[in-house]
Amino acid sequence: MGRHNLKFGYSFTDVILTNYFIQRVRGEYEYSTLQQYLYDLTPDVLGEISAGPPGYPTGFLQNAAYVNDDFRLRSNLTLNLGVRYEYNTMPVASRAQFYSAPANVPGGITFGKPSFSPNDWSPRIGFAYSPGKSNVWVVRGGFSRSFDLSYANLTSNAAPAYYQTTQDVQLASNAPNFLKNGALPGISPGLPTDPIAARGIIGSYTWGDKRPYGLTWTMGVQRLLGKDYTLEARYVGTKGVHLWNQTRINAAPQVTPTNYIPTFFSMPSAATFSSLTKTLAQVKSYIVPGGTADEPWNNLAALGFVNNLVGYAPQSYSSYNGLALQLTKHFSKGFSYVAAYTWSHMLDDGTATNFSTYLTPRRAQDFQDLRADWASSALDRRHRFTFTPMYDWRPFQGKSWMMKNVVGNWTISGTYTYQSPEYATVQSGVDSNLNNDSAGDRTVINSAGQANVGSGVTGYNAQGQVATSSGSIVAYVANNPNARYVVAGVGALANGGRNTFPLKPTDNIDLGLSKRFNLTERIRFEVGGQFFNVLNHAQYTGGYLTDAAGSMQINSRQDLIPSSPLFGRFDQFYLSNSRFGQLSAKIVF
């Protein structure tokens, strides 16, 4: 056994960073209808205001060390072994959580000084094996663990009360004179010593100990075909553990399987209406354990926590499995290409950590049941095929400079890509489950309805008449009985899944063309152009054609709300990824 290529190292990183951001400093209020706003009732979609100093430190320290070595066990078998150790400190501002210690609940929630685990080790192992003596087969595999870093947005959106606090509107209250009375006043952070007063200003919580990490395992087989071709098959599996997830730890739904307003897809009989004895007012009167009459959704309200406790919990998971096939024609006679196909499936229960997209909400529908959000990820692309040819036209190599450089020396290349669409989450746009958050509330599914057709609902009272007050509603009826997706009204029980609505697939051709002039043996001049979506095929994918992540930010989610006349009209919200080109010129020497 031979040993070679031993490597080891240590690094120290001091991230010096100051954040200048207070979210919703002037207050942000969203209403589901114009009527709600004109009547000056409390917002029923979003109502928040934050207060605090404009800047605070979010830097941290990182210590890392690694050792890695290759062991040549046989002439055709090499083993790679390595390990990395990391210790990261918590961002500076997040450490100020311990100033809120007077708010501690003995035997319950504790506002200590958070810190990450000092025991973060990342082992890795890999091998390469070439069976036989023909050197036409190679088998490779490996396993590794790697940790993620904290970043400034996690602190800035959930800063301790020492720096920032956020007030929230009770979305289901429908209280009058909201704006007339000054809306939310905003409360500056402070450091009260009385437990109830301290709890009254807290709007965030920071977890310590766990850092997100990923486990990756791979296996690949490569085969040389003749002189010019290589065929490769690879399997890649990953598992994300303790991923950051935006949550509200003291928000629980008032709507339960036994406390809700039913939704009908077609008009029920008068007898059915009269048999429904539970009104929306009664559904709203349910108080979750730990809640109060003023904040029935807040399971810590009785202890004095009157604001949403927002934080990034290391509680999400992800899973990816992919099989990739690739055929490579090596460059010969001026021509080469790569053809690749990947089948994969990615699942998770939290994709967007922050508010980067409406397509998949960053918060769960039920903060107390994150596992119910386990579904195909917004990053899932089940099928992907690419074909990338390149041809280098160089005739007249034995001819004059003029023939070689003016007529010849052209290179043309291109890429054809087909990729399965991203799937989005259809949303009701209101606080359906009455947990004081409308971000993640989904819809009611009519399995007999037409795919990609949506509908709003109308509330009815026990007499089978359209309800004139929200509190008298005993049932919702879909406005379109043929719709697959039906809005879950306030107090309704949604059964819609996460990421079920397909956007458009990618079906795209890019081209490149370049021309070379060899001025001397060592100097050449090149001009060229790249043309993206050369056929100008409108593709409303929700992202960019070359970005597998997709999910660009938009200013509205009306295309995802079934009651909207623009439901499913992606062409009204997303870029068409229209054709564009760029020209270049360079001197190479």
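The values are calculated or read from the model by the stated rules, or taken from the named source; none is laboratory data. Quick caveat: nothing in here was measured; it's all calculated off a predicted structure. Here the Cβ positions follow ideal geometry from the backbone for every residue, glycine too, while neighbour counts run over all protein chains shown.
Touching a Phe, Trp or Tyr at 6+ places or on another chain (Cβ under 9 Å), closer than 30 Å to Gly200 by Cα and either part of a strand (DSSP E or B) or not basic (Lys, Arg) (or both): is that true of Leu79 in this structure?
no
Restricting the range 19-29 to residues that are surrounded by 13 or more Cβ atoms within 10 Å (Cβ to Cβ) and at pLDDT below 90, the residue that is nearest to Ala93 (Cα to Cα) is Asn19.
For the range 13-29, a residue qualifies if it is in contact with a strand residue (DSSP E or B) (Cβ under 8 Å, 6 or more places away or on another chain), assigned to a loop (DSSP other than H, G, I, E, B) and under 30 Å from Pro43 (Cα atoms), and the qualifying residues are Ile22, Gln23, Arg24, Val25, Arg26, Gly27. Taken residue by residue, the range 430-446 has at least one member that is touching a helix residue (DSSP H, G or I) at 6+ places or on another chain (Cβ under 9 Å) and of a type outside the set (S, T, N, Q).
Within the range 283-299, the set of residues being over 21 Å from Val474 (Cα atoms) and of a type in the set (S, T, N, Q) comprises Thr292, Asn298, Asn299. The sole residue among Tyr213, Tyr163, Tyr205 that is touching a residue at least 24 places away in the same chain (Cβ under 8 Å), within 30 Å of Val490 (Cβ to Cβ) and among the aromatic types (Phe, Trp, Tyr) is Tyr205. Hey, any hits in the range 327-346 for a residue that's over 13 Å from Arg248 (Cβ atoms), touching a Phe, Trp or Tyr at 6+ places or on another chain (Cβ under 9 Å) and free of Cβ contacts under 8 Å to residues at least 40 places away in the same chain? Yes, the conditions are met somewhere in the range 327-346. Applying the criterion of being surrounded by fewer than 20 Cβ atoms within 10 Å (Cβ to Cβ) and among the aromatic types (Phe, Trp, Tyr) to the residues of the range 36-63, the residue that is farthest from Leu434 (Cα to Cα) is Tyr39. Checking the range 304-321 against the condition returns a match, with at least one residue being touching a residue at least 24 places away in the same chain (Cβ under 8 Å), within 23 Å of Thr417 (Cα to Cα) and in a strand (DSSP E or B).
Beta carbons closer than 6 Å, at least 6 apart along the sequence or on distinct chains, never pair a first residue in the range 27-50 that is basic (Lys, Arg) with a second that is surrounded by fewer than 18 Cβ atoms within 10 Å (Cβ to Cβ).
Only residues that are over 13 Å from Asn435 (Cα atoms) and part of a helix (DSSP H, G or I) were counted in the range 281-300, giving 2. In the set (1) without any contact (Cβ under 8 Å) to a residue 24 or more places away in the chain; (2) in contact with a strand residue (DSSP E or B) (Cβ under 8 Å, 6 or more places away or on another chain); (3) more than 28 Å from Ala313 (Cβ to Cβ), Ser75 fails one condition alone, (2). Is it true that Ser150 is part of a loop (DSSP other than H, G, I, E, B), crowded, with 18+ Cβ neighbours inside 10 Å and of a type in the set (S, T, N, Q)? Considered against the rule, which asks whether it is part of a loop (DSSP other than H, G, I, E, B), crowded, with 18+ Cβ neighbours inside 10 Å and of a type in the set (S, T, N, Q), Ser150 comes out as yes.
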